[in-house]
Amino acid sequence: LLRVIEGLAIDTVLDVGANTGQTVVELRELGFSGSIISFEPTQLLFAGLVERFASDPAWTGHRIALGDHVGEMTLHRYEMEDMNSFLAPTEFGSQRFRSLAAPLIADETVPITRLDEVWADFVPPGRTLLKIDTQGYDLEVIKGAAQSMESVDAVLTEVPVNHIYDGMPNVVEVFSKMEKLGFQLSGIFPISRDLAGLRMIEGNCMFVRTDAFDSEGADYVGRN
């Protein structure tokens, strides 16, 4: 993460699916002093973000989800709030993660919009990293950023290998979509494995824009 931020001279990080602010804390601990824009639709979690980061002059937050349409959706909330999702768990997901097998805390109706709808108002000029952690809905966020992706220099997104939610895209779909958008893989970092520890369930994948480098692929040259 730090290598990409420094190598691409990232000015702004879009923190989609901010939860309790784990990414904001990590970025500040790494020394990133640029703008962080968090998107978190859950009312209680968003209130916690405001209280936690209100004193950070380079942080802003919006209580809204990002996806491929504008409207409202039902968010399933679990005891472990980092498992909150628009999608229902699979049988495998419920077996692997006890939180997904437990009764829901609540179903919360939340606002949702497309990144394309808010980019001009929310995102300052400069070089941008898009971080997405929406528990199975990451590809929908990317689909709702058809125009905005042209201004994104790097993407950090969760990629499923063994599905824990119904309707998640498979890893081939994600990689194919990113390639079509002009991104190449920079790194894969496992998040969770099965109980035997032999199969990866999902991983964080970092992608960088192909056209951000010179013809030799050695130096970052920026884009027009």
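The values are calculated or read from the model by the stated rules, or taken from the named source; none is laboratory data. Predicted model only: the values in this text are computed from it and were never measured. No Cβ is skipped: glycine too gets one built from the backbone with ideal geometry, and neighbour counts run over all protein chains shown. We work out accessible area using only protein heavy atoms, side chains counted, and drop any ligands, DNA or RNA first. Shrake-Rupley method; radii C 1.70, N 1.55, O 1.52, S 1.80 Å.
Of the residues screened, Ile112 is one that is open to solvent by less than 60 Å² (accessible area, probe 1.4 Å) and either among the charged types (D, E, K, R) or assigned to a strand (DSSP E or B) (or both). Under 17 Å from Asp15 (Cβ atoms) and not aromatic (Phe, Trp, Tyr) - does that describe any residue in the range 157-174? Yes - at least one qualifying residue is present in the range 157-174. If you go through the range 139-168 and pick out every residue that is assigned to a loop (DSSP other than H, G, I, E, B), under 16 Å from Gly67 (Cα atoms) and either touching a Gly at 6+ places or on another chain (Cβ under 8 Å) or hydroxyl-bearing (Ser, Thr, Tyr) (or both), you end up with 3.
Put simply, of Gly67, Gly31 the only residue that is at pLDDT 95 or above and open to solvent by less than 40 Å² (accessible area, probe 1.4 Å) is Gly67.
Table: residues versus (1) open to solvent by 70 Å² or more (accessible area, probe 1.4 Å); (2) among the polar types (S, T, N, Q); (3) within 14 Å of Ile112 (Cβ to Cβ).
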| site | (1), (2), (3) |
| --- | --- |
| Ala9 | no, no, no |
| Gly21 | no, no, no |
| Val25 | no, no, no |
| Pro41 | no, no, yes |
| Asn84 | no, yes, yes |
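Scanning the range 115-138 for residues that are in a helix (DSSP H, G or I) and surrounded by 22 or more Cβ atoms within 10 Å (Cβ to Cβ) yields Leu115, Asp138.
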